[in-house]
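Below is one structure; the comments refer to it alone.
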Amino acid sequence: MNKIKSLAEIDTENNITHFDCFNQSEHSVRPNKVLIHNPLPYGGFKCFDHKHNDDIQKDILFRSKPDPELFSEQYNAFVSTLENTGLEVISLSEILGHDMVMKFVEEFSINPNFVYTRDALITLPWEPEGYIRGSMQKLIRQTEPIVMEIAAKNLGLRPIIKVPEHLFLEGGDVIPFEFNGKRMLLMGFGRRTTLDTIFYLKDTLIQDGIVDEIIGFSLASWRINLDGGCVPISNNLVIMHESSLLSAYRFTKTDQTQIEPKSFFEEMGYQILAAEQHETIFKQACNIFCCGEKKIICYNMSQTTLAQLGETDLNIYPIDGSELVIGTGGPRCMTRPIYTHG
């Protein structure tokens, strides 16, 4: 695999003394494509029939059954918004092809969580030809990585590493981030992704030079993924619910140190946009998709968040997510950036 040089290497070669000219953080890089999936055309809501809400939350992981017509209307508007930002949107079914869709049609019909293309496949801006297959802890979601990996290979991507089957890793817990030439993964661990997974990635990605550091955030017991409580959205802004992050650890090739989550961002000069807990849970206030070029897509339900974003220099694309949020995800969850130009 052809490696992209880090900023530190580029600066050494060209005697550049600043690092912000080519930031490879997720919030800075415009994806070549965005992979999405609408579960409705494949019967993805049939699984809600004859189930009580308690069973829906336990077995399907949605809060309740969404209204199919309103969900479809909001989802289509979301896809149109992605396209309006200038991104190329590709559907999972398009990449899989008809025969493979038919092979997995039963899985599509019983699992509406396929809408969250973020979780089962991980891509890195500085490794555009590669991917990491996720590993899902919840039973209903365990087919998703298999399907997403097929799509990745059809797109010409190659595996960077293979996560062992006994470890759990979700894309909502992984945020590619770069600062001063250091390529980092901001990672949450707790309910879904495990701390053992972070140790494995330290011993593989860092040792192999794919990543320079991993910042592991211990999540509150009620927080599902990192991107529900903390997402950097520009080179100096991060939206965060502080109490979602209990503690943090910095992993390098040779060291492991404990750090304070809020201070980690403040010491890099980041301004923190404070999110309220109930808005991060029920309105997905932090779950913002960064399109590159200072464009972001967020739900329009959190007035507190929208007011803070309105004071920034970002181009904001708010969308109606009142029905989409029933699945407990936001715009970032419903997108998998693809960085390869192949």
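The values are calculated or read from the model by the stated rules, or taken from the named source; none is laboratory data. Worth saying up front: this structure is predicted, and the values here are computed from it rather than measured. Cβ coordinates were reconstructed from backbone atoms using ideal geometry, including for glycine residues, and neighbour counts include every protein chain displayed. The protein model used for the area step is the full one, side chains on, heavy atoms only, and it has no ligands, DNA or RNA in it. Shrake-Rupley method; radii C 1.70, N 1.55, O 1.52, S 1.80 Å.
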If we take segment 113-205, then strands (runs of 3 or more DSSP E) inside it with 1 or more residues that are out of contact with any helix residue (DSSP H, G or I) (no Cβ under 7 Å at 6 or more places or on another chain) and open to solvent by 10 Å² or more (accessible area, probe 1.4 Å) are 127-133, 158-161, 174-179, 182-189
Conditions (1) within 22 Å of Asp196 (Cβ to Cβ); (2) surrounded by 14 or more Cβ atoms within 10 Å (Cβ to Cβ) -> Met301 fails only (1)
Is one or more of the residues making up segment 187-200 closer than 18 Å to Ile288 by Cα and in contact (Cβ under 8 Å) with a residue 24 or more places away in the chain? yes
Taking segment 211-222 and keeping residues of a type outside the set (Gly, Ala, Ser) and open to solvent by 20 Å² or more (accessible area, probe 1.4 Å) leaves Asp212, Trp222
Within segment 280-298, of all residues that are open to solvent by 10 Å² or more (accessible area, probe 1.4 Å) and not basic (Lys, Arg), the one farthest from Val238 (Cα to Cα) is Phe282
Residues of segment 73-90 being crowded, with 17+ Cβ neighbours inside 10 Å and not hydrophobic (A, V, I, L, M, F, W, C), in sequence order, are Gln74, Tyr75, Thr81, Thr85
Filtering segment 206-247 down to residues that are of a type in the set (Gly, Ala, Ser) and either closer than 25 Å to Lys294 by Cβ or part of a helix (DSSP H, G or I) (or both) yields Gly228, Gly229, Ser234, Ser243, Ser244
Counted residues in segment 106-121 being closer than 21 Å to Leu226 by Cα and aromatic (Phe, Trp, Tyr) come to 2
Those residues of segment 230-255 that are open to solvent by 40 Å² or more (accessible area, probe 1.4 Å) and either touching a strand residue (DSSP E or B) at 6+ places or on another chain (Cβ under 6 Å) or closer than 17 Å to Asn23 by Cβ (or both) come to a total of 5
Picked from segment 19-29 (must be in a loop (DSSP other than H, G, I, E, B) and of a type outside the set (S, T, N, Q)), the residue most open to solvent (accessible area, probe 1.4 Å) is Phe19
Reported set for segment 30-47 where residues are in a helix (DSSP H, G or I) and closer than 22 Å to Arg118 by Cβ is Leu40, Pro41, Tyr42, Cys47
Q: State whether one or more residues within segment 297-308 are of a type outside the set (A, V, I, L, M, F, W, C), in contact with a Gly (Cβ under 6 Å, 6 or more places away or on another chain) and over 28 Å from Leu40 (Cβ atoms).
A: no
Selection from segment 288-320 of residues assigned to a loop (DSSP other than H, G, I, E, B), in contact with a strand residue (DSSP E or B) (Cβ under 7 Å, 6 or more places away or on another chain) and closer than 25 Å to Phe22 by Cα yields Ile288, Lys294, Thr312, Leu314
Selection from segment 98-108 of residues open to solvent by 30 Å² or more (accessible area, probe 1.4 Å) and of a type outside the set (Lys, Arg) yields His98, Asp99, Met100, Met102, Val105, Glu106, Glu107
Picked from segment 31-55 (must be more than 26 Å from the chain's Cα centre (by Cα) and free of Cβ contacts under 8 Å to residues at least 60 places away in the same chain), the residue most open to solvent (accessible area, probe 1.4 Å) is His50
Thr254 passes all but one of the listed conditions (1) assigned to a strand (DSSP E or B); (2) of a type in the set (S, T, N, Q); (3) at pLDDT below 95; the exception is number (1)
